[in-house]
Amino acid sequence: SFFDAQIHKAEAEFQAAVKLDPKNVKIRMMLVDFFIDMKMAKRAIRELNRFLELVPGNGEANKRLQRLQK
């Protein structure tokens, strides 16, 4: 459907932005929020874990990860 196509397009744009600036917390959290909004919690968790490998100890990412893993 058109809606599904738009979702895939939006995700591709977020992923492209992440590739350009992998340690940018704002971009990563926007992608995580997108996954949460789309009811993709497992993907949000994977994204947070990937980010934390690059930026260990990021408080915002750690908080979100704890919230999602409850």
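The values are calculated or read from the model by the stated rules, or taken from the named source; none is laboratory data. Note that this is a predicted model, so its numbers are computed, not measured. When we count neighbours, we look across all protein chains shown, and the Cβ atoms used for this are built from the backbone with ideal geometry, even at glycine. For accessibility, only protein heavy atoms count, side chains too; no ligands or nucleic acids. Shrake-Rupley method; radii C 1.70, N 1.55, O 1.52, S 1.80 Å.
Excluding same-chain neighbours fewer than eight residues apart, the lysines reachable from LYS70 by a Cα-Cα span under 21 Å are LYS39, LYS42.
Over region 13-70, give the accessible area per residue in Å² for a 1.4 Å probe, as an integer.
On the way: 3930 Å² over 58 residues.
In whole numbers, region 13-70 has 68 Å² accessible per residue.
Remind me, relative contact order of the chain in percent, using alpha carbon pairs under 8 angstrom and six or more residues apart?
Values: 44 pairs, mean separation 16.3, N = 70.
Relative contact order of the chain: 23 percent.
Qualifying trypsin sites (Lys or Arg not before Pro) in region 1-37, where qualification requires a DSSP coil assignment and no more than 15 other C-beta atoms within 10 Å, comprise LYS23. The alpha carbons of the chain occupy a box of 39, 30, 14 Å along the principal axes, longest dimension given first. Positive-end ranking of ALA61, VAL18, VAL32 along the dipole of the chain, with charges on Cβ about the Cα centre, is headed by ALA61. Largest mean-square fluctuation among LEU48, LEU20, LEU31, in a Gaussian network model of the chain whose springs join Cα atoms under 10 Å apart, belongs to LEU20.
Principal-axis analysis of the Cα atoms of the chain puts helix 25-37 at an angle of about 60° to the longest axis. Specify the angular offset, from 0 to 90 degrees and rounded to the nearest 10, of the alpha carbon long axis of helix 2-20 from the longest principal axis of the alpha carbons in the chain. Helix 2-20 sits roughly 40 degrees off the main axis of the chain.
Helix 59-68: angle to the longest alpha-carbon principal axis of the chain, degrees 0 to 90, nearest 10? So the inclination is approximately 60 degrees. Compared with the direct C-alpha span, the chain from MET30 to LEU68 gains 12.2 nm at full extension, assuming 0.36 nm per residue.
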